[in-house]
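The values are calculated or read from the model by the stated rules, or taken from the named source; none is laboratory data. What you see is a predicted model, and the numbers here were worked out from it, not measured in a lab. Glycine gets a Cβ as well: all are built from the backbone with ideal geometry, and neighbour counts include every protein chain shown. Ligands, DNA and RNA are excluded from the accessible area calculation, which covers all protein heavy atoms including side chains. Shrake-Rupley method; radii C 1.70, N 1.55, O 1.52, S 1.80 Å.
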Amino acid sequence: MTAIVEASAFDSLLAQHLPRTFPALGICVIHRGEVALEAGWGWLDPEAKQLPVRTDTLFDLASVSKLLAEVSFLALVEAGAVALDDALVTVIPEFGRVNPRAIAGGQDPHSRAFLPAEARYARLTVDPSAVTFKHLLTHSSGLAPWRAVYMLAAQDPPPAPSAGEAYDGARWRRGLAAMVDFPFAGPVGEIVRYTDVGIMLLGEAVARLYGARLDEAVRALITQPLGLHSFTYNPIKNGIPRERIAPTEVDDHWRMRRAWGEVHDENACGLGGIAGHAGLFSTARDVALFGDAWLRANPRLPVSAALRRLATKEHVRGQYRLGLGWMLKAASDSSAGDLFSDSAYGHTGFTGTSLWIDPERGLVCALLSNRVYHGRDPCGIQAFRRAAHDLIVTAIDRA
């Protein structure tokens, strides 16, 4: 190993955050191809202090799932199956069914309240055929950031998952039928609006281009060739015991149970658990190995050096600096901390997960937690991420 980050270096930081910010944490750090730290802290049942976190504990990745769908799409670009500037309607023709499309805002993901369109768009309409895959990857499509698709797919929540339960594809089909007709939140290509809806549609495009369900495409294009076997959608249904999975929030709005072994995100859950924007579970080690495969151009990840450079170049700037799917380190207050180089890139997940890569140091950091266990108040997670990344960089630079 070229560097070691001692688990004990986190003692002081964890005293501030465990279990208050999150009850369970898994970290894996890879430096120049060598695992420099792999550790877990906390409990899956924090009230009883039972089921300690292990290195094989799976966490709900939330929006870190987007990276797997997006890199799968880039692999299909590399294979010549599609181009970045192709219109979405070339793969999902029903997206152009309602044309022109109104601009009518979206919904707040927390209150579910409908948000009106901005006054400057009052008389404008949108041609949906103008939306390209590059727009989806850079969150500049003009699509609404969030809509309660799960309520349109089925009013009733799915039952608590059980081993061997079949995938409910009808939920996805009903949700997709609603998504392709949604009004826009603004014109195409004008500003960045981080949108789950856009990446849900990208995931559907990956499935159609590959000719199989999204989970099968992700497995064939990325996780199986790289040997990353912990990545899974619907872990309980796929036979992984609940005792290996970090639980998330008590859903007292819709499911009326704690989400444990089923995806926290309502849209992903309500559409069958397999979606482009959320749904994957994994260990910290496999998330870090995915990042390392991308960083070091593992030949089993079929994305060329030129396309990887393009994907981590700034394409748009707004609420975030974005490449093609990847978030780029912001000038200040980035979850990557202060010490990662300015060329760093990664992604975060609402459940308290993140993957950050510093190409100048050859450094990959996967921090996975279940910070929504206590509810959706984000207090503490940003401060933890920043401090943890700075601690890791300091240890690496001193080694």
**Request:** Would you work out what percent of the accessible area of segment 216-271, with all protein chains in place, is carbon or sulfur (probe 1.4 Å)?
**Result:** 46 percent
**Asked** Under the rule of -39500 (n - 2.57) per DSSP H run of 4 or more residues, summed and divided by the residues of the chain, what mean residue ellipticity at 222 nm is obtained, to the nearest 500 deg cm²/dmol?
**Response** -7500 deg cm²/dmol
**Message:** Suppose a student asked you for the relative contact order of segment 246-388, using Cα pairs under 8 Å spaced at least 6 residues apart; what percent would you report?
**Reply:** 20 percent
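Using a probe of 1.4 angstrom, how much of the accessible area of segment 279-399 is carbon and sulfur, in percent?
Solvent-exposed carbon and sulfur of segment 279-399 make up 50 percent of the total.
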**Asked** Summing +1 for each Lys or Arg and -1 for each Asp or Glu, what net charge is found among the other residues whose Cβ lies under 11 Å from the Cβ of Arg255?
**Response** -4
**Message:** Strictly greater than 21 Å: what percent of every Cα pair in segment 42-189 meets that?
**Reply:** 60 percent
**Prompt:** Could you give me the ³J(HN,Hα) list for segment 25-39, computed from phi with Karplus coefficients 6.51, -1.76, 1.60 and θ = phi - 60°, whole Hz, x at Gly and Pro?
**Reply:** 8, x, 10, 9, 10, 10, 10, 6, x, 10, 6, 9, 7, 9, 7
**Fill in**
Taking the reciprocal of mean 1/r across every pair of different Cα atoms in segment 219-376, the Kirkwood radius in Å is 16.9 Å
**Prompt:** Each residue of segment 288-303 in order: what ³J(HN,Hα) in whole Hz does its phi give by Karplus 6.51 cos²θ - 1.76 cosθ + 1.60, θ = phi - 60°, with x for Gly and Pro?
**Reply:** 5, 5, 4, x, 5, 4, 5, 4, 9, 6, 4, x, 7, 9, x, 10
**In order through segment 324-339: 3J(HN,Hα) via Karplus (6.51 cos²θ - 1.76 cosθ + 1.60), integer Hz, x for Gly, Pro** = 9, x, 7, 7, 9, 4, 7, 5, 8, 6, 6, 5, 6, x, 8, 9
**Message:** Once R0 is set to 22 Å, what does the formula 1/(1 + (r/R0)^6) return for the Cβ-Cβ distance between Leu13 and Tyr194, expressed as a FRET efficiency to the nearest 0.05?
**Reply:** 0.20
**Message:** Springs between alpha-carbon pairs under 10 angstrom, Gaussian network model over the chain: which of Ile274, Ile357, Ile191 fluctuates most?
**Reply:** Ile191
**Message:** At 0.36 nm per residue, and after removing the present C-alpha to C-alpha distance, how many nm does the segment from Ala383 to Ala160 gain when stretched out fully?
**Reply:** 76.9 nm
**Fraction of antiparallel bridges per DSSP, the chain only, in percent to nearest 5** = 95 percent
**Prompt:** How many percent of all Cα-Cα pairs in segment 141-200 sit more than 16 Å apart?
**Reply:** 52 percent
**Prompt:** For segment 6-81, what mean projected area does the convex hull of the alpha carbons give, in nm²?
**Reply:** 7.1 nm²
**Prompt:** Suppose R0 equals 35 Å; then what is the FRET efficiency for Asp127 and Ala306 from their Cβ-Cβ distance, rounded to the nearest 0.05?
**Reply:** 0.70
**Request:** Treating only the Cβ atoms of Lys and Arg (+1) and Asp and Glu (-1) as charged, compute the dipole magnitude of segment 113-243 about its Cα centre; round to the nearest 20 debye.
**Result:** 120 debye
**Item:** Solvent-accessible ranking of Asp333, Asp56, largest area first, probe 1.4 Å
**Value:** Asp333, Asp56
**Request:** Using percent of Cα pairs over 39 Å apart as the read-out, say which of (i) 20; (ii) 25; (iii) 12 was calculated from these coordinates.
**Result:** (iii)
**Prompt:** So how much slack lies between Ala177 and Asp86, counting 0.36 nm per residue of separation and subtracting their Cα-Cα distance, in nm?
**Reply:** 30.6 nm
**Request:** Before anything else, pin down the relative contact order of the chain: Cα pairs under 8 Å, at least 6 apart, normalised by residue count, whole percent.
**Result:** 24 percent
**Added length on full extension, which subtracts the Cα-Cα distance from 0.36 nm per residue, Ser341 to Asp251** = 28.6 nm
**Item:** Debye log10 I(q)/I(0) for segment 317-399, one point scatterer per Cα, at q = 0.11, 0.17, 0.20 Å⁻¹
**Value:** -0.28, -0.66, -0.90
**Request:** Considering Cα pairs under 8 angstrom that are at least six residues apart, work out the relative contact order of segment 192-293 and quote it in whole percent.
**Result:** 32 percent
